[in-house]
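Worksheet for the structure shown next.
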């Protein structure tokens with residue numbers, strides 16, 4: 001084969017293979033995102049969901065041990081979740097969470113889980129998990145992030161010279177214009193892997209539960225703009241979102257709970 005044909009063939013191969021290589025690289029990067037290796041720091045928490053109340057109780061590992069040492073035990077039948085909160089950005093899990101969740105973004109995306117989560121609204125018996133808790137987890141994290149966005153855009157509205165009522169309406173409109181929800185499809189994984197979702201402009205929250213192959217209870221931000229909440233059960237996912245709310249000192253504005 002002469003040199004001209006060899007060069008032409010090389011060009012063709014590069015054109016054909018480059019997109020495939022890019023897709024494979026992005027998909028590999030998604031795996032790296034959700035398995036980022038040893039964290040800079042890690043804190044353990046015990047989250048307790050009693051069987052007869054709607055409240056959830058959060059303890060550090062030390063607080064929980066001290067409680068048991070005093071002879072106090074969780075109510076019989078409680079769900080007890082051991083959760084690891086890991087830091088990959090600053091070396092402080094709580095700082096990572098605040099930095100990631102409370103920064104100002106152009107938009108936010110909730111990754112509901114893999115497409116089987118749709119069965120919760122169509123045929124719950126086919127869903128590999130607990131639809132009640134998955135639905136509660138999605139609603140809770142969406143409402144929390146939306147309220148933080150509303151606060152940021154309410155302040156922006158005031159800075160624009162709007163009065164209180166107009167600034168609130170501006171914040172509401174801006175928040176829901178900037179929100180979208182997606183499922184963890186192949187294309188979503190590519191978008192996360194290449195940084196299109198979960199970056200300095202777009203806050204992405206990724207839920208990983210039993211339907212997505214979760215292997216532990218953990219919360220972490222592998223990079224600024226991306227929050228990963230992994231729970232071995234859908235009940236753990238919901239409990240971890242409540243834990244995040246406590247760690248960032250989030251409080252629901254009057255009358256806005258779950259809105």
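A short reminder: the numbers here are calculations on the coordinates, not readings from a lab. None of these values were measured; they are calculated from a predicted model. For neighbour counting, all protein chains shown are included, and Cβ atoms are generated from backbone atoms with ideal geometry for every residue, glycine included.
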With axes computed from alpha carbons, what is the tilt in degrees of helix 164-177 against the longest principal axis of the chain, rounded to the nearest 10 within 0 to 90? 50 degrees
Helical contribution to [θ] at 222 nm, DSSP H n ≥ 4, -39,500 (n - 2.57), averaged over the chain, rounded to 500: -15000 deg cm²/dmol
On full extension of the chain, what length is gained from residue 128 through residue 69, given 0.36 nm per residue of separation minus the C-alpha to C-alpha distance? 17.5 nm
By counting other Cβ atoms within 10 Å of each Cβ, how are 109, 142, 90 ranked from fewest to most? 90, 142, 109
Kindly work out what percent of the DSSP beta bridges joining two residues of the chain are antiparallel, to the nearest 5. 50 percent
Report the calculated FRET efficiency for residue 90 and residue 196 (r = Cβ-Cβ distance, R0 = 35 Å), to the nearest 0.05. 0.90
In nm, what is the difference between 0.36 nm times the number of residues separating residue 216 and residue 40 and their Cα-Cα distance? 61.5 nm
Relative contact order of the stretch 86-247, pairs being alpha-carbon contacts under 8 Å that are 6 or more residues apart, as %: 35 percent
Determine the principal axes of the Cα atoms in the chain, then give the extent along each, sorted from largest to smallest and rounded to whole angstroms. 84, 51, 43
